[in-house]
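Report on one structure; see the data block that follows.
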Amino acid sequence: MQTYKVTLSAPEADAKAIAVLLSEVLDPPPAVSIAEGGEWRLLEAYFEDQPDLAALRALVTDSGGAHLAEAMTLVEIPDENWVARVQRGLHPVTAGRFLIHGSHDRTAGRGKRFAMEVDAGQAFGTAHHGTTRGCLIAIDRLAARRRWRRVLDLGTGSGVLAMAVAKVSTAAVLASDIDPIAVAVAEENWRRGGVGGRIRGLVAPGLHAREFSAHAPFDLITANILAAPLIKLAPRLSALLAPGGHIVLSGLLDAQAREVAATYRRLGLVLETRIPLEGWTTLVLSRHSWLRQRMAA
């Protein structure tokens, strides 16, 4: 069995943005690493099957520009457990009270109440990217302000956001993803984290499954996906939110945040906080109970 490596040199911000893009869009996601040091960073993405270089270049062109995409190289390398190698290079990350670490760093989380073990692999979300870390910071801040009964994590990926909610609250959590592999990975992470009994995993595209309306309204909704689906799903997603509830949206480039916020504002949600990290923005919006009553009048 062979492994394929895609290599790209880019400015630090572009390299980090492209790493998140590859992890979120590709199915299954590659194992991605970024070398430290210097204004330009070397990004390496490892694939078990030969990727379509032209498709990857088109994806990178939309994010970082054609000049970066054309510099991408693809080589076939001897077989090795590259996922494990990349995991070893990922150090523990803090986000608010949360500490996220891989299985190779279990000692870092020993004895810490809000430590979570999540390995890089077949599902997105290790908190090493600004999108996931921004959501975790938002969850931590909101948990200090109110209690939740029902929570929805849309596009759960590795399940780290659902697990974070279960760590800081007693809420019942519904966590969905379009990818059955992601849900299986998430369920294993929840079991290992000791919170599997309060999180229900659901394989479902969009928001049409009856489980969403059956568990609604939600006091908190998290959705770390991409700008286009967040805009498309806005009417249905906002309708699932309880009065006084919050929606945390991420997977947004800084330049996309304004349009997404405006879309949800037209549906009666108020932008409370923006959390910018590494070229990405996390939005925290709410629907105040008095505003919902006024709209219904």
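The values are calculated or read from the model by the stated rules, or taken from the named source; none is laboratory data. What you are looking at is a predicted structure, and each value in this text was computed from that prediction instead of being measured. Positions of Cβ are backbone-derived with ideal geometry, glycine not excepted, and every protein chain shown enters the neighbour counts.
Just one of the numbered conditions (1) touching a Gly at 6+ places or on another chain (Cβ under 8 Å); (2) part of a helix (DSSP H, G or I); (3) more than 21 Å from V25 (Cα to Cα) is not true of L230; which one?
Exception for L230: condition (3).
Restricting the first residue to the range 192-218 and requiring it to be farther than 18 Å from G159 by Cβ, which pairs with a second residue that is part of a strand (DSSP E or B) and basic (K, R) meet a Cβ separation below 9 Å and a spacing of at least six or different chains?
From the range 192-218, the pairs are A216/R150; P217/R150.
Could you please give the count of residues in the range 35-67 that are within 12 Å of P11 (Cα to Cα) and surrounded by 11 or more Cβ atoms within 10 Å (Cβ to Cβ)?
The qualifying residues number 7.
If D79 satisfies all but one of (1) charged (D, E, K, R); (2) modelled with pLDDT of 85 or more; (3) not in a helix (DSSP H, G or I), what's the number of the condition it fails?
Status for D79: all satisfied but (2).
Which condition from (1) in contact with a helix residue (DSSP H, G or I) (Cβ under 7 Å, 6 or more places away or on another chain); (2) not in a helix (DSSP H, G or I) is the one that R200 breaks?
(1)
Could you say whether any residue in the range 109-126 is modelled with pLDDT of 90 or more, over 21 Å from W280 (Cα atoms) and among the hydrophobic types (A, V, I, L, M, F, W, C)?
No: zero hits.
What about R200, is it surrounded by fewer than 24 Cβ atoms within 10 Å (Cβ to Cβ) and at pLDDT 95 or above? Full working, then the answer.
Values: surrounded by fewer than 24 Cβ atoms within 10 Å (Cβ to Cβ): yes; at pLDDT 95 or above: yes.
Spelling it out, R200 is indeed surrounded by fewer than 24 Cβ atoms within 10 Å (Cβ to Cβ) and at pLDDT 95 or above.
Are any residues in the range 233-255 assigned to a helix (DSSP H, G or I), within 25 Å of R146 (Cα to Cα) and among the small types (G, A, S), and if so, which ones?
Once the filter is applied, which keeps residues that are assigned to a helix (DSSP H, G or I), within 25 Å of R146 (Cα to Cα) and among the small types (G, A, S), the range 233-255 yields A234, S238, A239.
Looking only at the range 12-24, decide whether some residue is crowded, with 17+ Cβ neighbours inside 10 Å, touching a residue at least 12 places away in the same chain (Cβ under 8 Å), part of a helix (DSSP H, G or I) and among the β-branched types (V, I, T).
Within the range 12-24, one or more residues are crowded, with 17+ Cβ neighbours inside 10 Å, touching a residue at least 12 places away in the same chain (Cβ under 8 Å), part of a helix (DSSP H, G or I) and among the β-branched types (V, I, T).
Would you point out which residue out of A182, A223, A175 is free of Cβ contacts under 8 Å to residues at least 60 places away in the same chain and either in a helix (DSSP H, G or I) or touching a Gly at 6+ places or on another chain (Cβ under 7 Å) (or both)? Please lay out each step first, then the result.
On the way: A182 fails: free of Cβ contacts under 8 Å to residues at least 60 places away in the same chain; A223 fails: free of Cβ contacts under 8 Å to residues at least 60 places away in the same chain.
Matching residue, one of A182, A223, A175: A175.
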